[in-house]
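Novice: Quick one: the structure is below, questions incoming.
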């Protein structure tokens, strides 16, 4: 297992996280919320990893909670220091989609870029098998979608710089990044990897086809 890095957590936040604050100032009970949300079943094991990651990075104990009607699992806590750290590192407060981008401390560092891509893939990415020209699902693809064109271009740049072929196209209001084929997916798993068991299981299954 690779990880336990701040750049990986930043990728997690870009994928499934947000920052918000409530209250107007001193004495108002102002809260500094960090929130990450995923699928209750698919992401259960990964959220146990995220709980451990937050403890290691920030020495913060957090709880994993559920919304049964929405099939959602989430981590939500208030911490001013962690909140400000993420803001200072370049994460936007509030509605993030048009403001998301890869900050320079990740963009210009090879190790941090790998950790960031793993955190993003584990939260906002998919490992998919398609039929292509056969009658059964066999052809592997890794997909990441975002509403931010700037972020999509930066991700493509990071992936291509690792020697992995990555395409970018637009579908409705989303920009989709695709890493297609056995060779490219194998390179992703070897160089970047995953800490989300659901992706790893699908990848191992694809190797048997």
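Novice: Where in region 1-95 are there strands (runs of 3 or more DSSP E), lying fully within it, with 2 or more residues that are modelled with pLDDT of 95 or more, closer than 19 Å to residue 119 by Cα and in contact with a strand residue (DSSP E or B) (Cβ under 6 Å, 6 or more places away or on another chain)?
Specialist: 17-22, 31-39, 72-78
Novice: Answer with yes or no whether residue 88 is loosely packed, with under 15 Cβ neighbours inside 10 Å and without any contact (Cβ under 8 Å) to a residue 12 or more places away in the chain. Working first, answer last.
Specialist: Working: loosely packed, with under 15 Cβ neighbours inside 10 Å: yes; without any contact (Cβ under 8 Å) to a residue 12 or more places away in the chain: yes.
Considered against the rule, which asks whether it is loosely packed, with under 15 Cβ neighbours inside 10 Å and without any contact (Cβ under 8 Å) to a residue 12 or more places away in the chain, residue 88 comes out as yes.
Novice: Run residue 77 past the list (1) under 16 Å from the mean Cα position of the chain (by Cα); (2) free of Cβ contacts under 8 Å to residues at least 60 places away in the same chain; (3) surrounded by 15 or more Cβ atoms within 10 Å (Cβ to Cβ) and report the number of the one that doesn't hold.
Specialist: Of the numbered conditions (1) under 16 Å from the mean Cα position of the chain (by Cα); (2) free of Cβ contacts under 8 Å to residues at least 60 places away in the same chain; (3) surrounded by 15 or more Cβ atoms within 10 Å (Cβ to Cβ), the odd one out for residue 77 is (1).
Novice: For region 188-209, which positions are buried (at least 18 other Cβ atoms within 10 Å of the Cβ), over 14 Å from the mean Cα position of the chain (by Cα) and more than 14 Å from residue 143 (Cα to Cα)?
Specialist: Listed by number, the list holds a single entry, 206.
Novice: Given the criteria surrounded by 14 or more Cβ atoms within 10 Å (Cβ to Cβ) and in contact with a helix residue (DSSP H, G or I) (Cβ under 8 Å, 6 or more places away or on another chain), does residue 60 qualify? Steps first, please.
Specialist: On the way: surrounded by 14 or more Cβ atoms within 10 Å (Cβ to Cβ): yes; in contact with a helix residue (DSSP H, G or I) (Cβ under 8 Å, 6 or more places away or on another chain): yes.
Yes; evaluated as a whole, the condition is true for this residue.
Novice: Name the residues in region 123-158 that are in contact with a helix residue (DSSP H, G or I) (Cβ under 6 Å, 6 or more places away or on another chain) and assigned to a helix (DSSP H, G or I), would you?
Specialist: Once the filter is applied, which keeps residues that are in contact with a helix residue (DSSP H, G or I) (Cβ under 6 Å, 6 or more places away or on another chain) and assigned to a helix (DSSP H, G or I), region 123-158 yields 123, 124, 158.
Novice: Here is a follow-up. Of the residues 178, 173, which single one is loosely packed, with under 14 Cβ neighbours inside 10 Å and either touching a strand residue (DSSP E or B) at 6+ places or on another chain (Cβ under 7 Å) or more than 16 Å from residue 199 (Cβ to Cβ) (or both)?
Specialist: 173
Novice: Hey, another quick one. Check whether at least one residue in region 125-145 is surrounded by 12 or more Cβ atoms within 10 Å (Cβ to Cβ), out of contact with any strand residue (DSSP E or B) (no Cβ under 9 Å at 6 or more places or on another chain) and under 27 Å from residue 197 (Cα atoms), and report yes or no.
Specialist: Within region 125-145, not a single residue is surrounded by 12 or more Cβ atoms within 10 Å (Cβ to Cβ), out of contact with any strand residue (DSSP E or B) (no Cβ under 9 Å at 6 or more places or on another chain) and under 27 Å from residue 197 (Cα atoms).
The values are calculated or read from the model by the stated rules, or taken from the named source; none is laboratory data. As the structure is a prediction and not an experimental result, all values here were calculated from the model. With ideal geometry, Cβ positions are generated from the backbone for all residues, glycine too; neighbour counts draw on all protein chains shown.
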